[in-house]
Structures are given as structure tokens and as C-alpha cells.
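Trainee: One structure is given below, represented as C-alpha cells, and several questions about it will come after.
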Amino acid sequence: MRKILALLLILVMIFGLAACRSTAQTPENESLPGQKEQIADPSPQMEEKEVTLYFVNNEYAQTGNEDLEKLIPEKRIVQYGTLSLEEAVVRELLKGAESEELSTGIPTTAKLLGVEVTDSTAYVNFASEGMNGGSFQEIMTIEQIIQSLTDLETVDSVQFLLDGKKAETLMGHMSIADPFTK
């Protein structure tokens, strides 16, 4: 009988200690002595802005009719925050137009390395690999990017780079040695 009573007493003590321990825990926002306080890194704030992107008029591209507009504007809300607005604009151009009457002249194989703005000049840096196309495609790529970026308040001119360096041409047909203005 004593063994059973002792065993019951031990069980009551174990459950009692366990109950006391769970109510005495530190609140979530309080740290224990000697414990470093953890500060969560705030995620970058996503911003958005309505911009005008310029895309190739498919009718012009098919007919070559000089009476038609080469580039047609398309309004779009661009989200940015982890990258600059200027880079977000070029990335939106790479995605293509929303309208079926428009298209992008930028090759689907193009890889944008980045866009930086210094003294109102946007430096648009592409990887040289994947920048292939005819003269029409090269002209449309350049004009689309120039028109779209110079519509922003922060950009007056656009300098194209290949692999981070100035180059003679983007796709072998048109000089990109100097910055372009609208």
C-alpha cells in the first residue's frame, strides 16, 4: 500500500511541476536574460507606378507603311522596389505587349543584366549572348527602350552596354557607341 501511495504522490508532483512550468513561460515578445533580441528584417517595400511603355505596331512591322506609327504607347502599372523603376520598365518591355496589335522588338533570347541611372543617363546592360536579330529588330529594340525610359522624369538619355561595356552595336547593324536621346 505504501508503494502505491508513494507512486501516486510522485505522479502528482510530476504533473504539478509540468503545469507550473507551462504557465511560467516567457511571453513571445520578451526575451530571456542573456538571449539576443531577434529583429525581423523588413521586406523591401514594393512600389508601383503607372508608366508608358512603347511597343512595335504589328501592322507597321508587317507592311512597312511609313504612314503608320512605328511604336504605340501602352500604359501599364509597374511594380518595383527590389530593383529600380528604370530596370522594372525594361523588364516589362521584355515581357511583351498586352495588346495583340503590338509586340516587342526585343529578342526573346535577350538577357538583361541591369539598368543603372547616373546623371540622367540610363545605362541598359544586356548580355551579348542572345542579342541576335536583323536590322529592323535592332532598331525597334533600341527605339522601344529609348522611348519608354526617356518618358520617365529621371532619364534624359540611354546608353546601351553589352556585358557591362560600351560596344559598337547591339546586334551588328546600328551604332550604340554614344548615348541616345528622345
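Just so it is clear, none of the values below were taken in a lab; they were calculated from the coordinates. All values reported here derive from a predicted model rather than from experimental measurement. Every residue, glycine among them, receives a Cβ derived from its backbone with ideal geometry; neighbour counts consider all protein chains shown.
Trainee: In nm, give the distance between the simple-model label positions of ASN132 and ALA167, each being 7 Å from the Cα along the Cα-to-Cβ direction.
Mentor: Modelled inter-label distance: 1.3 nm.
Trainee: Rounded to the nearest 0.05, what FRET efficiency is calculated for GLN79 and GLU116 with R0 set to 25 Å and r the Cβ-Cβ distance?
Mentor: Given R0 = 25 Å and the Cβ-Cβ separation, E is 0.85.
Trainee: Using the structure shown, select from LYS111/LYS166; LYS75/LYS182; LYS75/LYS95; LYS49/LYS70; LYS111/LYS165 the pairs with a Cα to Cα distance greater than 21 angstrom.
Mentor: Over 21 Å Cα-Cα: LYS49/LYS70.
Trainee: Let me ask you something else. List residues of the range 132-171, by number, whose backbone nitrogen lies under 13 Å from a label position 7 Å along Cα→C-beta of THR181.
Mentor: Zone members listed by number: 156-158.
Trainee: From the Cα gyration tensor of the range 47-176, with a ≥ b ≥ c the square roots of its eigenvalues, which class applies: rounded if a/c is under 1.5, or else prolate if a/b is larger than b/c, or else oblate?
Mentor: Note, shape of the range 47-176 comes out oblate.
Trainee: Among ARG91, ARG76, what is the fewest-to-most ranking by other Cβ atoms within 10 Å?
Mentor: Listed from fewest to most nearby Cβ atoms, that is ARG91, ARG76.
Trainee: Along the range 119-130, what does the Karplus equation 6.51 cos²θ - 1.76 cosθ + 1.60 (θ = phi - 60°) give for ³J(HN,Hα), rounded to whole Hz, x for Gly and Pro?
Mentor: So the Karplus estimates, Gly and Pro as x, are 6, 6, 10, 8, 9, 9, 10, 10, 6, 5, 5, x Hz.
Trainee: I want the antiparallel fraction of DSSP beta bridges within the range 47-176, as a percent rounded to 5.
Mentor: Of the beta bridges lying entirely in the range 47-176, close to 75 percent run antiparallel.
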